[in-house]
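Chemist: So that we are looking at the same thing, I have put the structure below in structure tokens.
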Amino acid sequence: EKHRLMMSSNKDGLSLLELIWRQRWPSVERRLRNCPVELDLEYEGLSPLHWACCNDPPEKVLRALLSKDSRRHALEADSKGMTPLLLLLHCSSSFNLGLLQAFIVHAPECISMEDSAGQTVLHYICLSWKEWSEQQMDSEAFQIFSMLLTVDKTLSGRTTAEGETAFDYLWSSHSSSDEHSKSNDFWKVSAFFLDACCPETKGGSFLHQLVSYIHCPTKVLDLMIQKNPEFLRATDGSGNTVLHRAVLRKQNLSIILILLRHDSTLAGYFNLDSKLAIQLSPSWDTSLELLLQYHPQTLDITKIFDSYYPYIFTKLKQHETLFKILKINPSLCDIDS
């Protein structure tokens with residue numbers, strides 16, 4: 001192994017790997033131009049690309065390594081599932097858009113890879129955000145998130161072995177002993193994250209974007225409502241409240257329950273198409289029962305009911321609710337469903 005490591009050296013007797021370990025980056029660039037065969041050297045199972053990513057390489061050096069190395073080592077993982085990109089994110093004291101672009105250009109497949117704990121590139125970026133230069137990261141936040149999710153849109157919902165998404169990591173990285181004093185940095189970066197995750201649902205308040213994210217943590221939603229209760233009554237360009245948006249996005253029951261507990265009257269709000277949230281669900285589910293439970297006045301709006309509802313309520317054995325509907329609109333009994 002030592003012989004392989006030292007088989008090529010410069011005038012100082014240093015191999016490419018030794019130059020990388022000593023972070024002598026100008027010499028590394030020269031060696032890549034003059035002796036690319038050294039890219040095949042390994043030490044402890046790691047290539048020069050892996051070792052460079054452990055030592056804060058300049059963007060220029062990283063691009064040179066990737067261009068010479070092509071895709072070979074960029075897609076190789078160590079015993080813990082760490083690819084060069086994951087090592088770079090784990091070890092670097094800073095990160096920028098150019099480093100990410102270099103990997104996407106030369107080995108886009110590495111964006112989708114994960115380590116042995118199920119952590120993706122997006123997990124590592126969100127976890128390390130506070131440790132890196134916030135000013136620089138914030139200026140590139142949306143571009144970084146968008147670039148990653150353009151390559152692999154599943155990253156926003158991928159979970160670790162512990163069941164945590166990248167957004168959970170972003171929350172943890174901005175942890176505070178008092179959650180109510182969560183820094184503005186978290187909310188600012190979260191807005192970029194959500195805009196990148198849900199580009200098709202832009203519009204409305206931050207709360208609209210939060211409930212558009214299908215993996216929205218309930219603790220984050222609850223805290224945002226406590227900090228900005230006025231967002232509950234805000235509407236998007238179609239007149240949809242956050243409850244309309246949550247139903248449209250088929251959010252889980254816990255999210256809808258939080259919204260209704262904070263303001264049950266949301267179930268009675270119409271959007272610009274004169275639709276209630278209950279009318280926007282493509283099929284009957286428990287969330288719609290919850291809407292009726294928290295806002296029974298909905299039953300007084302007879303125009304939302306048709307033959308579909310008595311049939312469903314009968315199947316669900318919701319006889320009391322069925323009775324209320326038929327009492328309001330007896331004509332439904334005459335419709336063949």
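Chemist: Would a scan of segment 81-92 turn up a residue that is under 24 Å from the mean Cα position of the chain (by Cα), open to solvent by 10 Å² or more (accessible area, probe 1.4 Å) and of a type in the set (G, A, S)?
Modeler: Of segment 81-92, the ones under 24 Å from the mean Cα position of the chain (by Cα) are 81-92.
Then keep just the ones that are open to solvent by 10 Å² or more (accessible area, probe 1.4 Å); that gives 81-82, 87, 90-92.
Now restrict to residues that are of a type in the set (G, A, S): 81, 92.
Checked against the condition, which is being under 24 Å from the mean Cα position of the chain (by Cα), open to solvent by 10 Å² or more (accessible area, probe 1.4 Å) and of a type in the set (G, A, S), segment 81-92 yields at least one hit.
Chemist: If you don't mind, there's one more thing I want to ask. Among the listed residues G118, G157, G163, identify the single one that is at positive phi and either free of Cβ contacts under 8 Å to residues at least 24 places away in the same chain or open to solvent by 20 Å² or more (accessible area, probe 1.4 Å) (or both).
Modeler: Details: G118 fails: either free of Cβ contacts under 8 Å to residues at least 24 places away in the same chain or open to solvent by 20 Å² or more (accessible area, probe 1.4 Å) (or both); G157 fails: at positive phi.
The unique qualifying residue is G163.
Chemist: Continuing with this model, one more query. Pick from segment 263-297 the residues that are modelled with pLDDT of 70 or more and aromatic (F, W, Y): which of them is farthest from D222 (Cα to Cα)?
Modeler: F270
Chemist: Which condition number in (1) assigned to a helix (DSSP H, G or I); (2) at pLDDT 65 or above; (3) within 30 Å of H215 (Cβ to Cβ) is the one that F323 fails?
Modeler: If we test F323 against (1) assigned to a helix (DSSP H, G or I); (2) at pLDDT 65 or above; (3) within 30 Å of H215 (Cβ to Cβ), just (3) comes out false.
Chemist: Could you say whether any residue in segment 239-247 is at negative phi, exposed (fewer than 15 other Cβ atoms within 10 Å of the Cβ) and assigned to a helix (DSSP H, G or I)? Even if it seems obvious, please write down each step before you answer.
Modeler: Applying the first criterion (at negative phi) to segment 239-247 yields 240-247.
Subset that is exposed (fewer than 15 other Cβ atoms within 10 Å of the Cβ): none.
No.
Chemist: Can you tell me which residues in segment 95-110 are open to solvent by 10 Å² or more (accessible area, probe 1.4 Å) and under 15 Å from T150 (Cα atoms)?
Modeler: Those that are open to solvent by 10 Å² or more (accessible area, probe 1.4 Å) and under 15 Å from T150 (Cα atoms): L97, Q101, I104, V105, P108, E109.
The values are calculated or read from the model by the stated rules, or taken from the named source; none is laboratory data. Here the structure is a predicted model, which is why all the values come from computation and not from measurement. Here Cβ is always computed from backbone atoms with ideal geometry, including for glycine, and neighbour counts include all displayed protein chains. Surface areas here come from the heavy atoms of the whole protein model, side chains and all, with no ligands, DNA or RNA. Shrake-Rupley method; radii C 1.70, N 1.55, O 1.52, S 1.80 Å.
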